[in-house]
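The values are calculated or read from the model by the stated rules, or taken from the named source; none is laboratory data. Keep in mind it's a predicted model, so treat the numbers as computed, not measured. Positions of Cβ are backbone-derived with ideal geometry, glycine not excepted, and every protein chain shown enters the neighbour counts.
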Amino acid sequence: MDKIIIIDFGGQYCHLIARRIRDLGVFSEICPYDIQLKNLKAKSPKGIILSGGPNSVYEKGSPHLSDEFYNYISQEQVPVLGICYGFHLIIHHLNGKIESHTLKEYGKTEIKIIKSEGLFEGLDRTEIVWMSHGDQVKEMPEGFEKLASSETCPIVAYRNDQKLLYGVQFHPEVSHTQKGPQILENFISNIVHAEKEWELKNWIENSINIIYKKIGSHDRAILGLSGGVDSSVAAVLLHKAIGERLHCIFVNNGVLRKNEAFEVQKTFQDELGFQNFHYVDAEEEFLQSLQGIEDPEEKRKIIGHKFIEIFENKTIELEKKYPSIKFLVQGTIYPDRVETAATSKTAAKIKSHHNLTLPEDMKLKVLEPLKDLYKDEVRKIGLKLGLPEEIVHRHPFPGPGLAVRIVGTINKERLEILREADAILIEEIRKEGIYREIWQAFCVFLPLKTVGIMGDYRTYEYLCAMRIVESQDAMTANFAKLDWDFLERVSTRIINEVKSINRVVYDISNKPPATIEFE
Ligand code: XMP
């Protein structure tokens, strides 16, 4: 299958470029800029895109590509498209001139197109693009032809058809660049001539075959099913491949939402006909180990370790009964594996988020059938495989569950209060028809009592916060500016229907500086 490799220089849009290329039907992958040439060659890229990045090419210590890289693309005739930093990098390598400019360009910018052909086929004389740069190409080496300019930037795009080198100063992958998809399409079709073979339907058939071949006709696999999108899709895929030889372990950790354990069980066992769905009720055990714990990181650690312990014990029990259990399936997806240079510097250092991986001494062979997919691709596959909409489009839910939505210590009473309030919020959000537009919506229990008045009585009850955010990837998020009447309706229902809550507040903080979760 033809493949486009994105070389990552720390640009924040690396994953976006890869997703856009896949949306156009060509498989794409991200590689770090310092990838060894032999590893890059092994991937046989049909075309290469150099990403943007925060550095200036003339700065000491800025990331560059080796001479061998340039020799390779020239020998193998691999077309290269440089975006922003990548656009400068090509010129700099060939001894052109890049300089910082006093007038920086950020945001939507009008450009004038000089040549509407090849990379710019189908573009008008003027176009709106998304810029984000301080440096400019001042002088191009011989053989390069200018394709566009803006008011403050004389060279906005170039081509060198002989060397198959192309570049744009702006970001075609960002939706504000109106003809961005057309430009990327032109690159893959007119320049790279890549075959469009990346299709999810083929992917499903292929991967079911691959899974079947790997596991064979006798061995069994286990999978930790949380009911989240990734593990659910992995489960359905495996079930299609090996049927009852798939063993799903679902652990009730005591910090799930209202009816969650029941619903996951109903979906997989009753509706999807999973024969080996193992429900482990560990509620008491989890709550006991969380007793008196206030520190959120401590809560995360306890829940993570307890989960592994319980999962391992259940696996050992199953292995005794089914010695042919040889595989462990995990719902890892592409962004879990590939941290781009931009995200790796800052991401996940703020909280110990990542779902814990299981210990190696389990001696099982690990299968990660979704490891090359993006979340939206996983969702599409889930739907094609017949998973219900509610699972496929579920809001993300943190591994430590309601434990990080109860500020302070956790107990059954608090969990009960939070579950009821949260269920009302989600029910109203669904009724309003806005569930899909929202990234996450949930209630938070605050261990504070405030005064209220209900009927003729003064009350002294708990405070509940509602957190509803819009986001693309959880790296940044904005609180949802919802209709007051809607918020009033939810607040009234919570106060009337949930015992022990007499006040509801709406969180109007964005991320950053606030995080999505309260803990
Ligand atoms: P924050 O609160 O850092 O959250 O803005 C970003 C995204 O990560 C989720 N989150 C977690 N997910 N384990 C998880 O699996 C965790 O410990 C955890 N903490 C936060 C959060 O729900 C949001 O989607």
Subset of segment 62-89, residues closer than 13 Å to PHE9 by Cβ and surrounded by fewer than 17 Cβ atoms within 10 Å (Cβ to Cβ), comes to HIS64
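Listed here are the residues, each with its yes/no results for (1) surrounded by 17 or more Cβ atoms within 10 Å (Cβ to Cβ); (2) at pLDDT 95 or above; (3) of a type in the set (Phe, Trp, Tyr).
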{"residue": "ASN411", "(1), (2), (3)": "no, yes, no"}
{"residue": "GLU416", "(1), (2), (3)": "no, yes, no"}
{"residue": "ARG419", "(1), (2), (3)": "yes, yes, no"}
{"residue": "VAL444", "(1), (2), (3)": "yes, yes, no"}
{"residue": "LEU448", "(1), (2), (3)": "no, yes, no"}
{"residue": "ASP483", "(1), (2), (3)": "no, yes, no"}
{"residue": "VAL505", "(1), (2), (3)": "no, yes, no"}
{"residue": "PRO512", "(1), (2), (3)": "no, no, no"}
Across segment 105-161, the tally of residues that are touching a Gly at 6+ places or on another chain (Cβ under 6 Å) and polar (S, T, N, Q) stands at 1
Residue check, LEU482 touching a residue at least 24 places away in the same chain (Cβ under 8 Å) and either in contact with a Leu (Cβ under 8 Å, 6 or more places away or on another chain) or of a type in the set (Ser, Thr, Tyr) (or both)
no
I'd like to check something: does segment 440-447 contain any residue that is within 15 Å of the ligand (Cβ to nearest atom), of a type outside the set (A, V, I, L, M) and touching a Cys at 6+ places or on another chain (Cβ under 6 Å)? yes
Please verify whether segment 177-191 includes one or more residues that are without any contact (Cβ under 8 Å) to a residue 24 or more places away in the chain and within 20 Å of GLY82 (Cβ to Cβ). yes
Could you go through segment 112-119 and let me know if any residue there is assigned to a helix (DSSP H, G or I) and either closer than 17 Å to PRO79 by Cα or among the acidic types (Asp, Glu) (or both).
yes
Of GLY10, GLY25, the only residue that is surrounded by fewer than 22 Cβ atoms within 10 Å (Cβ to Cβ) and more than 28 Å from THR126 (Cα to Cα) is GLY10
By residue number, the members of segment 476-519 that are within 19 Å of ALA423 (Cβ to Cβ), among the acidic types (Asp, Glu) and more than 16 Å from the ligand (Cβ to nearest atom) are GLU488, GLU497
Reported set for segment 179-231 where residues are in a loop (DSSP other than H, G, I, E, B), over 30 Å from LYS320 (Cβ atoms) and of a type outside the set (Gly, Ala, Ser) is LYS179, VAL192, HIS193, GLU195, LYS196, GLU197, TRP198, GLU199
Exactly one of GLU283, GLU339 is under 30 Å from TYR33 (Cα atoms) and among the acidic types (Asp, Glu), and that residue is GLU339
_Against the definition (outside any strand (DSSP E or B) and of a type outside the set (Gly, Ala, Ser)), how does MET466 come out, yes or no?_
no
Out of (1) closer than 18 Å to TRP439 by Cα; (2) in a helix (DSSP H, G or I), the one ILE381 does not meet is (1)
For segment 379-401, pairs from a residue that is touching a residue at least 40 places away in the same chain (Cβ under 8 Å) to a residue that is away from the ligand (no atom under 16 Å from the Cβ) and among the aromatic types (Phe, Trp, Tyr), with Cβ under 8 Å and 6 or more apart or across chains, are ILE381/TRP203
Note on segment 393-432: residues within 16 Å of LYS499 (Cβ to Cβ) and more than 16 Å from the ligand (Cβ to nearest atom) are ASN411, LYS412, GLU413, ARG414, LEU415, GLU416, ILE417, ARG419, GLU420, ALA421, ALA423, ILE424
